[in-house]
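The structure appears below as structure tokens.
What follows draws every value from the coordinates through simple rules; no lab data is involved. On a predicted model such as this, the values are computed, not experimentally measured, just so you know. Methodologically, a virtual Cβ is constructed for each residue, glycine included, from the backbone with ideal geometry; neighbour enumeration extends over all protein chains shown.
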Amino acid sequence: MEEIIGVHNADKTCWNCSAAKIRGNVDFRGCGQSRMIVPKGGEQQIMIECSRRPELGLFEPSITFEQCPEWTLTEYGYMLKNMRVMILGIDGYLGWTLALKLGRLGCQVSGIYIYKRRDCVMEKGSHTAVPIAKMTDRLHAAKEVLDIDINFRRMDIRARTKLKEFMEEEKPESIAHYAEIPAAPYSMVDAEHAIEVQNNNVLGTLGLLFVMRDVVPESCLLKLGTMGEYGSPLTGRPLFEGMFPSEAVLQWDDREWSLGGELTPRDPQSFYHVSKVQDTFNVYEACKYWWLRSYDIMQGVIYGVHTDEVSADPRLRTRLDFDEWFGTVINRFVTQAIQGIPLTIYGEGRADTRDDCS
Ligand SMILES: NC(=O)c1ccc[n+]([C@@H]2O[C@H](COP(=O)([O-])OP(=O)(O)OC[C@H]3O[C@@H](n4cnc5c(N)ncnc54)[C@H](O)[C@@H]3O)[C@@H](O)[C@H]2O)c1
């Protein structure tokens, strides 16, 4: 591993580590619900305890990943050894491939699944071009072929009591949240579909945030947003991420208007994309109120069906959809090209978030 120079997360500290339990003066912004008594140190000093190294007692969160023996160097950067990761939506296109990848890297993987995606695709009269095995067969194959044990439960993410029990059992240090309905066209079918997508996505995520607060507040949430949250800005301005800096101003109507500290604008293009924007605000608020840790990833469309792990056995494969509701544009083009059918171009063929479901 010595040849890896400038590892991207080598200088991250306990602040970014889900083994760190904050014990200091966390008096957070507006709501104040997270106010805690400082057990040691000064009034403003943040102190932590390490759940993996309790012998350190209380200390300031300044140890870097490079310095800490609990973090190990991998080809993807530093990783918490044997990290407990829970994947919500583990049966999905991304959830399943990630489960196998992390299992191979030595993580203790758990997950929840229901067949929502399979049911939605079936409802529209389609199917995945790559046949996929039942979840139980996938899990057996993961053990047999890759020697990976995955602890899983069949449950809806909105079943909060069950989710809470599972989290209490697993105590995940990291949570990858994929358990949403990921299709713009599907969310635009009619009122029932729009309501179902928003109910599933927005309320699922909101409930999860409360479960995290109550059971694993130090855990790290990896939440999949989408590039479609930004829409296609008409002005051609660049896409800023995060918050506007404090000095940011808008010049309009001969005046300057402050934008400082606001989340950068969103312009969703479907009720599915609206659900992702609502998620962003809910995750942001939960982090603000309770100091949860999260990465809200504005993910572009992901293609392909190959990783070393899913290719190791036919029972381990992940799905490939090509229909107009769940298929993404390159999947459709590839499938049409293989069949010798003309490619269906949307409108003038320009890049547009409506071309694609994610
Ligand atoms: N695939 C992409 O290119 C892409 C791009 C941007 C964002 N995303 C986001 O990444 C996430 C995963 O995408 P994917 O392509 O793997 O989709 P997917 O539909 O294959 O995976 C989602 C999984 O979550 C499950 N699920 C849905 N609702 C659930 C619920 N209420 N309770 C429990 N499980 C539930 C589904 O059954 C499915 O197995 C989604 O949130 C999606 O919006 C994906």
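Miscellaneous remarks
- Cβ crowding within 10 Å ranks Trp96, Trp325 as Trp325, Trp96, fewest other Cβ atoms first.
- Nearby lysines by direct alpha-carbon distance to Lys124 (threshold 24 angstrom, same-chain neighbours under 8 apart not counted): Lys116, Lys134, Lys276
- Across the chain, the convex hull enclosing all Cα atoms gives 186 Å³ per residue.
- The stretch 87-202 - Kirkwood radius from inverse mean 1/r over Cα pairs (Å): 15.2 Å
- Amide H to amide H, with H built 1.01 Å from N, Gln299 comes under 5 Å of Gly225, Thr226, Met227, counting only residues 5 or more places away or on other chains.
- Residue-averaged [θ]222 nm for the chain, counting only DSSP H segments that reach four residues, each worth -39500 (n - 2.57): -8500 deg cm²/dmol
- Per-residue ³J(HN,Hα) for the stretch 107-120, Karplus 6.51 cos²θ - 1.76 cosθ + 1.60, θ = phi - 60°, Hz, x for Gly and Pro: 6, 8, 9, 10, x, 10, 8, 9, 8, 4, 4, 4, 5, 5
- Backbone HN-Hα couplings from phi across the stretch 65-78 [Karplus 6.51/-1.76/1.60, Hz, Gly and Pro as x]: 4, 5, 7, 7, x, 7, 9, 10, 7, 10, 5, 9, x, 6
- Gyration tensor verdict on the stretch 229-358 (Cα atoms; rounded if a/c is under 1.5, prolate if a/b is larger than b/c, oblate otherwise): oblate
- Relative packing of 340-348, 255-263, 269-277, which averages over residues the other C-beta atoms within 10 Å, highest first: 269-277, 255-263, 340-348
- Likely footprinting exposure, Phe240, Phe326, fewest C-beta neighbours within 10 Å first: Phe240, Phe326
- Cα-based Rg / Dmax (Å) for the stretch 246-288: 13.7, 37
- Per-residue 3J(HN,Hα) values for the stretch 259-273, derived from phi via the Karplus relation 6.51 cos²θ - 1.76 cosθ + 1.60 with θ = phi - 60°, read 10, x, x, 8, 5, 5, x, 10, 8, x, 10, 7, 5, 5, 5 Hz in sequence order (x marks Gly and Pro).
- Protection proxy ranking, peptides 61-67, 210-216, average beta carbon neighbours within 10 Å, highest first: 210-216, 61-67
- Anchor Lys164: lysines whose Cα lies under 20 Å away (excluding residues fewer than 8 positions away in-chain): Lys21, Lys223
- Taking a straight Cα-Cα cut-off under 16 Å and skipping sequence neighbours fewer than 8 places away in the same chain, the lysines within cross-link reach of Lys81 are Lys12, Lys101, Lys171.
- Other-chain or far-sequence residues with amide H under 5 Å of Phe152's (modelled H): Gly111
- Normalised contact order of the chain, rounded percent, pairs of Cα under 8 Å and 6 or more residues apart: 18 percent
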